[in-house]
Amino acid sequence: MASRVVAIVGATGLLGRALVAAFRERPDWTVRSLGHQEIEVTDRESVARALEPVPDVVINSTLGDWSRQEDVEFSWRINALGPRLLAERCAAVGAYLVQVSTDYVFEGKSDAPYGEGDPTEPRSIYGITKLAGEHLVRSMLPRHLVLRVAYVFGPGGSRAKRGTDLVTTLLGLARGGGPVRLVTDQVFSPTYAPDAARTVVELVEAGITGTAHVTNRGQCTPYELGQRIFAASGLRPEIVPIRLADLPPGPHRPRYSVLAHGTLGRAGMASPRPWAEALDEYLVQTAP
Ligand SMILES: NC(=O)c1ccc[n+]([C@@H]2O[C@H](COP(=O)([O-])OP(=O)(O)OC[C@H]3O[C@@H](n4cnc5c(N)ncnc54)[C@H](OP(=O)(O)O)[C@@H]3O)[C@@H](O)[C@H]2O)c1
């Protein structure tokens, strides 16, 4: 089969790097990495220039600075206008678009895993604008996949994250010697970026359209995640259990956002392995 071209937008980010690596492992793909230097997703001309020559597949894995996500103008541009401009370009040139989205589109009152078709009700500006991005892609482009992930960890975060992820942030706090405050009343499924990226390759190669949830299997609280990280790393920081309500103001976090993998199941694809297995592998790789 002739080589197909995938353009990965947000290629220098946490998930973007893993996507670049996963597609590079496959012989049938030519990968075009588009970092912020190469494309400004909120600028129509930049989008058109960066997607020339035309790729077969575009993956939008951009995320703006997390500390600015409750600024509605900032969030609207990166989370809604960006996907809209990419979808418009993909529709014009006949490319398939994967739009990466989030568990924050759900309100979080459920106590059973959210399916792809379950009603969305985001409570943060981040979640609202990410949902708008999903709808703008759906409304413009039949050949799209909205891919929802949650609590991504793995090597190499963006400039905004200064190369960190939630695991290295917790390790840094523990090694710093101070107490580590961990939330006990929030439940989610973490996503190991390399595992999710390999599943995205499978979804794209199978030409799956619509919406797909991709996280690692299982669920945990931030408290349980931290305990596992510290135990596996031989660290014994003082852990202070806290409630979601004790956190400083920021985007509303869903209390429960475990994602069911209905699309993967219907496509006959396996869900990524349990999060704790993936975490253990990652910790071995990041050990000092
Ligand atoms: N991280 C999580 O826990 C999480 C959870 C749920 C969903 N998601 C979703 O997963 C996707 C990827 O997240 P991530 O954690 O991998 O993000 P990330 O590490 O912050 O990377 C974001 C990437 O987007 C680039 N970028 C930022 N603004 C841009 C713009 N205006 N135009 C072009 N590129 C821009 C960044 O480049 P620079 O660094 O050079 O600016 C970087 O390459 C996002 O859609 C996010 O909503 C993430």
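Filtering the stretch 66-96 to residues that are near the ligand (Cβ under 9 Å from one of its atoms) and among the small types (Gly, Ala, Ser) leaves only GLY82. Of all the residues that make up the stretch 8-37, how many are closer than 22 Å to THR191 by Cβ and more than 10 Å from the ligand (Cβ to nearest atom)? The number of residues fulfilling the criteria is 9.
Screening the stretch 149-168 for residues that are more than 16 Å from GLY10 (Cα to Cα), more than 11 Å from the chain's Cα centre (by Cα) and aliphatic (A, V, I, L, M) and picking the one that is farthest from the ligand (Cβ to nearest atom) gives VAL167.
All conditions but one from (1) assigned to a strand (DSSP E or B); (2) surrounded by 15 or more Cβ atoms within 10 Å (Cβ to Cβ) apply to THR30; the one that does not is (2). Out of the stretch 101-133, which residues are surrounded by fewer than 23 Cβ atoms within 10 Å (Cβ to Cβ), among the charged types (D, E, K, R) and over 15 Å from ALA260 (Cβ atoms)? GLU107, LYS109, GLU121, ARG123, listed by residue number.
Considering the stretch 210-230, and only residues there that are under 18 Å from GLY265 (Cα atoms) and of a type outside the set (S, T, N, Q), the residue that is surrounded by the fewest Cβ atoms within 10 Å (Cβ to Cβ) turns out to be GLY210.
So is VAL47 over 18 Å from the mean Cα position of the chain (by Cα) and surrounded by 20 or more Cβ atoms within 10 Å (Cβ to Cβ) or not? Against the criterion (over 18 Å from the mean Cα position of the chain (by Cα) and surrounded by 20 or more Cβ atoms within 10 Å (Cβ to Cβ)), VAL47 qualifies. Restricting attention to the stretch 66-94, the residues that are touching a residue at least 60 places away in the same chain (Cβ under 8 Å), of a type in the set (A, V, I, L, M, F, W, C) and in contact with a Leu (Cβ under 9 Å, 6 or more places away or on another chain) total 1. Among the conditions (1) free of Cβ contacts under 8 Å to residues at least 12 places away in the same chain; (2) buried (at least 18 other Cβ atoms within 10 Å of the Cβ), LEU63 misses just one, which is (1).
Only residues that are among the charged types (D, E, K, R), within 13 Å of the ligand (Cβ to nearest atom) and in a loop (DSSP other than H, G, I, E, B) were counted in the stretch 97-138, giving 0.
Residue check: VAL57 meets all listed conditions (1) away from the ligand (no atom under 12 Å from the Cβ); (2) without any contact (Cβ under 8 Å) to a residue 60 or more places away in the chain; (3) aliphatic (A, V, I, L, M) but one, namely (2).
Computed from the coordinates by the stated procedures, all read-outs in this text should not be read as laboratory data. These numbers were taken from a predicted model, which means no experiment stands behind them. Every residue, glycine as well, gets a Cβ built from its backbone with ideal geometry; the counts of neighbours run over all protein chains shown.
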